[in-house]
Amino acid sequence: MKEEYSRGIAFIMEGTTEKVFYRSFLKWISENNQCIFERGEDLNNADIYFDWDNGNEKILIKFNVVGAVTQVSNSGKWFSTKCAGAYKIPWKVFLCYDTDNYDDDISKFYQDDWKVLRGDIKKAKAEEIIDLAASADIEDIMLCDLNGICRFLNISIPNELKGRKGKAKMKGLYRSCGNTYHEGDRAEGLISTLDFQKIVDKSPLNLQSVIDMLKKPQYIVDKCVDKT
């Protein structure tokens, strides 16, 4: 199995909502780029991974959810052992995190435990570390498709969103129709309905970089097009 992959991509994120978001995002990319995105599981090692086939190569994708900021540095060991150590292929790492406040500088995520994590990833010979830093909450990124969220909740688009951060705004939208917003896996119903193209176009995150890294090469697409 390990010899089949040309390269690997690891996503390290703070919470389960991010995991659900990026998993749904990858599913959307696969459906729009003639790629195959499948979950696998190594029962012997309790290891969950995803296979990505873009018609030209097979890519290994892994997710690690930190769970708490105090556990960030432990992700370095996970990458060293479960990724780079277990699969001798080139690796790129996406760090997906919230800056907590709109005025927080991304530089703080190059200090303390985050600095240790980046150092461990580099020691494990990762080719590149890419930041996907949401300003405030991942919900702020989801709210780039406000129309879709309101459609999901069956409510009209409000003139104003209440709350400073995305999570508070999302909770307010849910309350307006008598519902409660739940994070993590319970947000999958909403996230799976989002217009990811709109999010790619409007989001401050460089989500296009993920698409470019995974999509089917153009020459493969051209071969698949019937020009007769």
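The values are calculated or read from the model by the stated rules, or taken from the named source; none is laboratory data. None of the values given here were measured: they were computed from a predicted structure. We place every Cβ from the backbone using ideal geometry, glycine too, and count neighbours over all the protein chains shown. Accessible surface areas use protein heavy atoms only, side chains included; no ligands, DNA or RNA. Shrake-Rupley method; radii C 1.70, N 1.55, O 1.52, S 1.80 Å.
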Restricting to region 50-63, what's the tally of residues that are open to solvent by 30 Å² or more (accessible area, probe 1.4 Å) and of a type outside the set (D, E, K, R)? 3
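Each row is one residue, and each column tells you yes or no for (1) within 14 Å of Tyr97 (Cβ to Cβ); (2) open to solvent by 40 Å² or more (accessible area, probe 1.4 Å); (3) in contact with a strand residue (DSSP E or B) (Cβ under 6 Å, 6 or more places away or on another chain); (4) charged (D, E, K, R).
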| site | (1), (2), (3), (4) |
| --- | --- |
| Trp114 | yes, no, no, no |
| Lys123 | no, yes, no, yes |
| Glu127 | no, yes, yes, yes |
| Gly148 | no, no, no, no |
| Asn154 | no, yes, no, no |
| Gly172 | no, no, no, no |
| Ser176 | no, yes, no, no |
Is it the case that Tyr181 is at pLDDT 95 or above, of a type in the set (Ser, Thr, Tyr), open to solvent by less than 80 Å² (accessible area, probe 1.4 Å) and in a helix (DSSP H, G or I)? no
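Given the structure, is Ile141 open to solvent by less than 30 Å² (accessible area, probe 1.4 Å), touching a strand residue (DSSP E or B) at 6+ places or on another chain (Cβ under 7 Å) and among the β-branched types (Val, Ile, Thr)?
yes
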With the checklist (1) at pLDDT below 95; (2) farther than 18 Å from Asn206 by Cβ; (3) open to solvent by less than 20 Å² (accessible area, probe 1.4 Å) in hand, flag the one item Ile12 doesn't pass. (2)
